[in-house]
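The values are calculated or read from the model by the stated rules, or taken from the named source; none is laboratory data. Please read all numbers here as calculations on a predicted model, not as lab measurements. So basically every Cβ, Gly included, is an ideal-geometry build from the backbone, and we count neighbours across all protein chains shown.
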Amino acid sequence: MKTLQTRRQFLRTIGSVAATVALSQTVTVSADAAQQEKSSQPNVVIFFTDDQGTLDVNCYGSKDLYTPTMDALAKNGVRFTQAYAHQVCCPARAMLMTGRYPQRANVNSWTQGNAKDEKGRNMFREEVTIAEVLRGAGYKTALFGKWHLGAHPDHGPTEQGFDEYFGLRGGFIDNYNHHFLHGNGFHDLYEGKREVFAKGQYFPDLITERALQYIDKNKDDPFFMYVAFNIPHYPEQADEEFDERYQDMKMPRRSYAKMISTTDARMGRIMDRLDHHGLTANTIVVFMSDNGHSAENYRIRGKNHTSGLAEGVNYGANGGGGNTGKWRGQKGTFLEGGIRVPAIISHPAGFPKGLVRGQAVTAMDWMPTILDLCRIAPPTVGLDGRSLLPVIKSGSAESPHRVLHWQWGNKWAVREGDWKLIGTGHKGSFLGNLADPEPEKQNYINERPTMVKRLRALHEEWLEDVQARK
């Protein structure tokens with residue numbers, strides 16, 4: 001396992017490499033030219049939505065949804081039709097932040113949600129995040145929204161490369177009272193490590209306003225801003241602006257659709273601010289969801305909930321309003337509807353617009369892709385993700401992943417080609433084929449024993465590797 005000393009050495013090295021290159025130049029660079037070179041570095045904005053399902057964007061085929069911002073990103077960039085995150089929040093966020101399988105980072109089960117609890121499971125601090133690499137290369141860094149990789153004060157965004165952080169450290173909150181609602185609940189709103197209170201203020205607007213201020217403040221310097229929306233995740237507390245648009249839609253699609261458009265509208269405000277400052281062309285924008293749509297149902301338990309909400313209040317996803325098309329499954333499953341998500345990258349100054357790519361890609365690929373586009377060396381620790389520039393350049397390029405793996409607790413899945421084996425412990429229980437007219441409907445577990453054996457062996461080999469935490 002990589003030591004903390006090695007990690008710090010790497011972060012120091014980023015700056016020294018740049019200095020060495022500069023010293024090797026025989027040309028004297030003026031202060032103005034140096035500033036121009038600095039400002040020419042692309043900005044980076046990542047929109048990571050929460051529980052937005054496989055096809056739940058208008059441009060992905062959900063024509064009943066109003067998503068002009070997401071559609072514009074696709075029109076101005078590259079849309080991926082076979083993009084994978086994970087089945088739930090935590091591991092997807094570890095993939096995004098580290099470019100590695102989450103099991104290497106201690107994220108194979110729910111991470112600590114309440115910062116006030118005794119220390120529980122948190123992502124290893126020795127993991128190198130994309131924020132740390134970009135900050136080491138001179139970028140300003142900020143996270144507004146959801147962390148969910150461990151809430152303990154010794155961990156968290158400001159310990160992992162972010163200069164600024166405002167949001168929730170755990171899994172989800174009521175958008176107005178900012179309490180986690182499962183069990184007896186707890187308050188979860190923080191500025192860095194400091195708990196703050198803003199009761200009655202709509203959380204998606206709070207983080208959007210912070211994002212706008214951040215762009216204004218850092219418009220003249222390269223910045224990395226991670227906007228981790230807590231929506232469309234339940235509780236489905238949508239902007240009233242969309243009530244009329246969806247008034248004739250049936251439940252639960254109506255409630256969910258309003259949340260999708262609420263998310264899109266906040267993304268739109270941020271994109272407009274980039275455009276206002278003339279930053280759009282030279283800003284890399286990534287949009288992705290962390291997992292499929294939720295079909296969960298929850299109500300407040302007990303009469304003295306810390307949020308103040310009454311016993312029995314509904315705060316779930318109303319049984320699920322997501323659209324997966326032909327794909328089966330939803331959040332919490334390893335079926336395609338649980339792990340296949342919308343994903344788009346836009347960089348108008350860097351590559352053509354309006355491209356669609358069907359190769360299999362993952363949330364781990366954004367870190368090496370962004371570093372490639374920014375011409376910044378990746379960390380010395382091995383990345384499981386791969387740069388997507390070859391795929392972006394050519395629709396006929398091979399997928400960077402011959403085999404794909406997922407695991408959560410003792411449940412796992414492995415995919416090779418069109419075959420996917422889903423299992424628990426050391427046993428596979430479902431073998432599906434993605435090329436079937438109705439993918440993953442038929443279980444081939446007894447009909448294809450050779451394929452089961454092969455995929456199980458691939459999983460065991462992968463498990464041994466990630467448990468070594470290389």
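Structure data summary
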quantity: Total residues in the stretch 34-54, condition at pLDDT 95 or above and either charged (D, E, K, R) or not assigned by TED's automatic domain parsing to the domain that holds I370 (or both); calculated: 2
quantity: Qualifying residue in the stretch 251-264 (condition: more than 17 Å from Y234 (Cα to Cα) and assigned by TED's automatic domain parsing to the domain that holds Y214); calculated: no
quantity: Residues being touching a residue at least 12 places away in the same chain (Cβ under 8 Å) and in a strand (DSSP E or B) - total across the stretch 193-227; calculated: 6
quantity: Odd one out for M259 among (1) closer than 17 Å to F48 by Cα; (2) loosely packed, with under 15 Cβ neighbours inside 10 Å; calculated: (2)
quantity: Residues (within 23 Å of the chain's Cα centre (by Cα), assigned to a loop (DSSP other than H, G, I, E, B) and among the hydrophobic types (A, V, I, L, M, F, W, C)) located in the stretch 230-255; calculated: A238
quantity: In the stretch 56-99, residue farthest from M249 (Cα to Cα) [restricted to those that are surrounded by 24 or more Cβ atoms within 10 Å (Cβ to Cβ) and in contact with an Asp or Glu (Cβ under 6 Å, 6 or more places away or on another chain)]; calculated: T98
quantity: Close pairs (7 angstrom Cβ cut-off, 6 or more residues apart or separate chains): under 12 Å from Y66 (Cβ atoms) in the stretch 249-260, hydroxyl-bearing (S, T, Y) and crowded, with 19+ Cβ neighbours inside 10 Å anywhere; calculated: A257/Y246; K258/Y246; I260/T67
quantity: Pairs, first within 17 Å of N433 (Cα to Cα) in the stretch 445-467, second part of a helix (DSSP H, G or I) and aliphatic (A, V, I, L, M), C-beta under 7 Å, six or more apart; calculated: I445/V452
quantity: Search result, residues across the stretch 400-429 that are surrounded by fewer than 17 Cβ atoms within 10 Å (Cβ to Cβ) and not basic (K, R); calculated: V403, G409, N410, E416, G417, D418, T424, G425, H426, S429
quantity: Candidate set from the stretch 181-229 (those that are among the acidic types (D, E) and more than 21 Å from K140 (Cβ to Cβ)); member that is farthest from the chain's Cα centre (by Cα); calculated: E195
quantity: Residues of the stretch 349-386 satisfying the condition of being at pLDDT 95 or above and either farther than 25 Å from H86 by Cα or of a type in the set (D, E) (or both); calculated: G354, D365, D372, C374, R375, I376, A377, D384
quantity: Any hit, the stretch 341-362, residues being part of a loop (DSSP other than H, G, I, E, B) and of a type in the set (S, T, Y); calculated: no
quantity: Residue in the stretch 221-232 that is surrounded by fewer than 19 Cβ atoms within 10 Å (Cβ to Cβ), in the same structural domain as N291 (by TED's automatic domain parsing) and of a type outside the set (G, A, S) present; calculated: yes
quantity: Hey, L434 closer than 30 Å to F224 by Cα, aliphatic (A, V, I, L, M) and modelled with pLDDT of 95 or more or not; calculated: no
quantity: Residue pairs meeting the criteria (Cβ under 7 Å; at least 6 apart or on separate chains; first in contact (Cβ under 8 Å) with a residue 60 or more places away in the chain, in the stretch 131-159; second surrounded by 24 or more Cβ atoms within 10 Å (Cβ to Cβ) and among the acidic types (D, E)); calculated: K146/D50
quantity: Extreme residue, surrounded by the fewest Cβ atoms within 10 Å (Cβ to Cβ), among residues of the stretch 109-140 that are part of a loop (DSSP other than H, G, I, E, B) and in contact with a Gly (Cβ under 6 Å, 6 or more places away or on another chain); calculated: S109
quantity: Extreme residue, surrounded by the fewest Cβ atoms within 10 Å (Cβ to Cβ), among residues of the stretch 317-355 that are touching a Lys or Arg at 6+ places or on another chain (Cβ under 7 Å) and among the basic types (K, R); calculated: K353
quantity: Complete set of residues in the stretch 69-90 that are over 19 Å from M267 (Cβ atoms) and either free of Cβ contacts under 8 Å to residues at least 24 places away in the same chain or among the β-branched types (V, I, T) (or both); calculated: T81, V88
quantity: Among residues of the stretch 177-192, those that are on the phi < 0 side of the Ramachandran plot and either surrounded by 16 or more Cβ atoms within 10 Å (Cβ to Cβ) or free of Cβ contacts under 8 Å to residues at least 12 places away in the same chain (or both), counted; calculated: 9
quantity: Sole residue being touching a strand residue (DSSP E or B) at 6+ places or on another chain (Cβ under 8 Å), part of a loop (DSSP other than H, G, I, E, B) and either at pLDDT 95 or above or not hydrophobic (A, V, I, L, M, F, W, C) (or both), chosen from G150, G170, G145, G183; calculated: G170
quantity: Single match in R100, R121, R125 (criterion: at pLDDT 95 or above, out of contact with any Pro (no Cβ under 8 Å at 6 or more places or on another chain), under 13 Å from G385 (Cα atoms) and charged (D, E, K, R)); calculated: R100
